[in-house]
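These notes are about the structure you will find just below.
The values are calculated or read from the model by the stated rules, or taken from the named source; none is laboratory data. Here the structure is a predicted model, which means the values were calculated and not measured. Note that each Cβ is placed from the backbone with ideal geometry, even for glycine, and that neighbours are counted across all protein chains shown.
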Amino acid sequence: MKIGRITISDRASAGVYEDRSGPEIEKALSEFFPGAKYQTAIVPDEAKVISETLIAFADEVQCDLIVTTGGTGISTRDVTPEATMAVLEKQLPGFTEIMRVQSFAKVKTAILSRAVAGTRGATLIVNLPGKPSAVRECLEILAPAIREGVAHLRGEDPHGK
């Protein structure tokens, strides 16, 4: 399985601080998808750069799954949802609905998230929050649906029948 992980942060991309959310994606997903190969990027909060990176990971690298972290809030520079929507072919609102509901139980401001999810070709794309602990919590919730979604996109029977 090929997994793309993209950290979206002006400061992390400029080297102002260390990216902790991106590595947390790999750590969390390794529990669910052992042996996965990762393509990684750290990009600024620029819609064009985000979209171009998503397209490259989906179309050229042919990642089965792309997970982004950061840029899903309501600040002026938070453009990850718009950049993701620009490249999606199908939306999967259930992914982000359940993330917000589950996260809201712990953090009442989770409803400010504008994360989106969907597909581009045979690639599943999911936006996650920028906080490392939230990355893990969301991936634990989503792992079964990610596994099944990737199987469907690969043309496999997710239930082995």
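Suppose we keep only residues that are outside any helix (DSSP H, G or I) and surrounded by fewer than 18 Cβ atoms within 10 Å (Cβ to Cβ) within region 120-151. Which one would you say is modelled with the lowest pLDDT? Write out each step before concluding.
Taking region 120-151 and keeping what is outside any helix (DSSP H, G or I), we get 120-131.
Going one step further and asking which of them are surrounded by fewer than 18 Cβ atoms within 10 Å (Cβ to Cβ), we end up with 121-122, 131.
Details: GLY121: 98, ALA122: 98, LYS131: 93.
So, considering only residues that are outside any helix (DSSP H, G or I) and surrounded by fewer than 18 Cβ atoms within 10 Å (Cβ to Cβ), the one modelled with the lowest pLDDT is LYS131.
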Residue that is nearest to GLY22 (Cα to Cα) [pool: residues in region 71-107 that are among the β-branched types (Val, Ile, Thr), free of Cβ contacts under 8 Å to residues at least 40 places away in the same chain and in a loop (DSSP other than H, G, I, E, B)]: VAL79
Residue selected from region 55-93 under the condition exposed (fewer than 15 other Cβ atoms within 10 Å of the Cβ) and among the acidic types (Asp, Glu), by the criterion farthest from ALA41 (Cα to Cα): GLU89
Whichever residue in region 1-27 is touching a helix residue (DSSP H, G or I) at 6+ places or on another chain (Cβ under 7 Å) and part of a strand (DSSP E or B) and, among such residues, is surrounded by the most Cβ atoms within 10 Å (Cβ to Cβ): ILE8
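How many residues, within region 130-161, are charged (D, E, K, R) and under 12 Å from the mean Cα position of the chain (by Cα)?
Filtering region 130-161 for residues charged (D, E, K, R) gives 131, 136-137, 140, 147-148, 154, 156-157, 161.
Now drop any that are not under 12 Å from the mean Cα position of the chain (by Cα), which leaves 136.
Matching residues across region 130-161 total 1.
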Matching residues, region 55-70, being more than 21 Å from GLY155 (Cα to Cα) and either at pLDDT below 95 or not in a helix (DSSP H, G or I) (or both): THR68, THR69, GLY70
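Given the criteria among the basic types (Lys, Arg) and either under 15 Å from the mean Cα position of the chain (by Cα) or more than 21 Å from PHE33 (Cα to Cα) (or both), does ARG77 qualify?
Values: among the basic types (Lys, Arg): yes; either under 15 Å from the mean Cα position of the chain (by Cα) or more than 21 Å from PHE33 (Cα to Cα) (or both): yes.
Answer is yes for this residue.
Hey, any hits in region 107-116 for a residue that's under 22 Å from ARG154 (Cα atoms) and among the hydrophobic types (A, V, I, L, M, F, W, C)?
From region 107-116, those under 22 Å from ARG154 (Cα atoms) are 116; that's our starting set.
Next, only the ones that are among the hydrophobic types (A, V, I, L, M, F, W, C) stay: 116.
Checking region 107-116: at least one residue is under 22 Å from ARG154 (Cα atoms) and among the hydrophobic types (A, V, I, L, M, F, W, C).
Select from region 28-53 the residues that are within 20 Å of ALA151 (Cα to Cα) and touching a strand residue (DSSP E or B) at 6+ places or on another chain (Cβ under 8 Å) and write down the one among them that is surrounded by the most Cβ atoms within 10 Å (Cβ to Cβ). Lay out the reasoning, then the answer.
First pass over region 28-53, keeping only residues within 20 Å of ALA151 (Cα to Cα): 28-39.
Of the ones still in play, those that are also touching a strand residue (DSSP E or B) at 6+ places or on another chain (Cβ under 8 Å) are 29, 33, 36-39.
On the way: LEU29: 22, PHE33: 18, ALA36: 15, LYS37: 12, TYR38: 17, GLN39: 17.
So the residue we want is LEU29.
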Region 6-20: number of residues that are farther than 15 Å from THR72 by Cβ, touching a residue at least 12 places away in the same chain (Cβ under 8 Å) and of a type in the set (D, E, K, R): 2
